Amino acid sequence: MIRRLLAAAALAFAFAVPAAAQQQPGVMELNPPLPTDAKGKIEVVEFFWYECPHCYALEPYLERWIKTLPADVEFRRVPATFNDRWNISARVYYTLEAMGLIDKLHRPLLDAIHKDRLRITDEAQLTAWLQGKGVDVAKFSATLKSFAVEGRLKRAQSLVQGSKIDGVPAILVNGQYVVSAGAGGSEERMLAIADSAIERSRKQLAATSAPAAAPAKKK
């Protein structure tokens, strides 16, 4: 299964223009907004690709920022799925998540890719890295092909298409505001723009949930 994915990815990558290179700074409002999974909270989604250097540069800022998010905000990552090569990264992410290993291995995997030149699309390299981290490789391979991972991948593809992003990293706030890759010109500014979108979403939610005024009685 992994070998077939790698072969398809190599062909796709040879002709595909990386979406991360198509950066257009700014914020886009989706109308109508996309549905969210965080019921009763403001959902914040980071779209990323494991091999994206800009995503890697954002990660330390993002980790600190996540810790400051208010209780009414729910954060989650969604791997972007622009072509077969990107889909491999997405499958790896969702497999680690399904195995309960994403919190433990997400950042180390990023470090291995960008510092140690690990090729996540190379089956032998990825397998050796997983074994070095104590991961049950047989279980990983089985989970990679599972219906659960396939379902998560399809949901990610739908969200990526619906958000209309053309590069990563990008942030989607409450299904409505897309903070595009490169927005603000720096990692700190991008997250500050996301903060503003969160505040705007909070005010909108408060306005829509406020009880309607009772009709005036005739005197």
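The values are calculated or read from the model by the stated rules, or taken from the named source; none is laboratory data. The model shown is predicted, which means the values in this text are computed figures rather than measured ones. All Cβ positions, even for glycine, are placed from backbone atoms using ideal geometry, and neighbour counts span all protein chains on display.
Can you name every residue in the range 52-85 that is in a strand (DSSP E or B), closer than 30 Å to Ala206 by Cβ and either touching a helix residue (DSSP H, G or I) at 6+ places or on another chain (Cβ under 9 Å) or of a type in the set (Val, Ile, Thr) (or both)?
Residues of the range 52-85 that are in a strand (DSSP E or B), as a first pass: 73-79.
From what's left, closer than 30 Å to Ala206 by Cβ: 73-78.
Scanning the range 52-85 gives Val73, Phe75, Arg77, Val78.
Residues checked against (1) at pLDDT 95 or above; (2) surrounded by fewer than 19 Cβ atoms within 10 Å (Cβ to Cβ); (3) more than 19 Å from Ile88 (Cα to Cα):
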residue: Ala10; (1), (2), (3): no, yes, no
residue: Ala16; (1), (2), (3): no, yes, no
residue: Gln23; (1), (2), (3): no, yes, yes
residue: Val45; (1), (2), (3): yes, no, yes
residue: Phe48; (1), (2), (3): yes, no, no
residue: Pro60; (1), (2), (3): yes, yes, yes
residue: Thr68; (1), (2), (3): yes, yes, yes
residue: Glu74; (1), (2), (3): yes, yes, yes
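Assigned to a loop (DSSP other than H, G, I, E, B), buried (at least 21 other Cβ atoms within 10 Å of the Cβ), in contact with a helix residue (DSSP H, G or I) (Cβ under 8 Å, 6 or more places away or on another chain) and at pLDDT 95 or above: is that true of Tyr93 in this structure?
Against the criterion (assigned to a loop (DSSP other than H, G, I, E, B), buried (at least 21 other Cβ atoms within 10 Å of the Cβ), in contact with a helix residue (DSSP H, G or I) (Cβ under 8 Å, 6 or more places away or on another chain) and at pLDDT 95 or above), Tyr93 does not qualify.
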**Asked** Hey, Ile88 hits all of (1) part of a helix (DSSP H, G or I); (2) without any contact (Cβ under 8 Å) to a residue 40 or more places away in the chain but one; which does it fall short on?
**Response** (2)
**Prompt:** Using beta carbons and a limit of 8 Å, which pairs, at least six apart or on different chains, have the first residue in the range 153-171 and surrounded by fewer than 14 Cβ atoms within 10 Å (Cβ to Cβ) and the second one of a type outside the set (Val, Ile, Thr)?
**Reply:** Lys164/Met28; Lys164/Leu30
**Asked** With Val149, Val137, Val178, Val173 as the choices, which residue is hydrophobic (A, V, I, L, M, F, W, C), more than 30 Å from Asn31 (Cα to Cα) and in contact with a helix residue (DSSP H, G or I) (Cβ under 9 Å, 6 or more places away or on another chain)?
**Response** Val137
**Prompt:** What are the residue pairs meeting all of these: first residue in the range 192-219, first residue of a type in the set (Val, Ile, Thr), second residue modelled with pLDDT of 85 or more and in a helix (DSSP H, G or I), Cβ atoms under 9 Å, and 6 or more apart or on different chains?
**Reply:** Ile193/Ala183; Ile193/Gly184
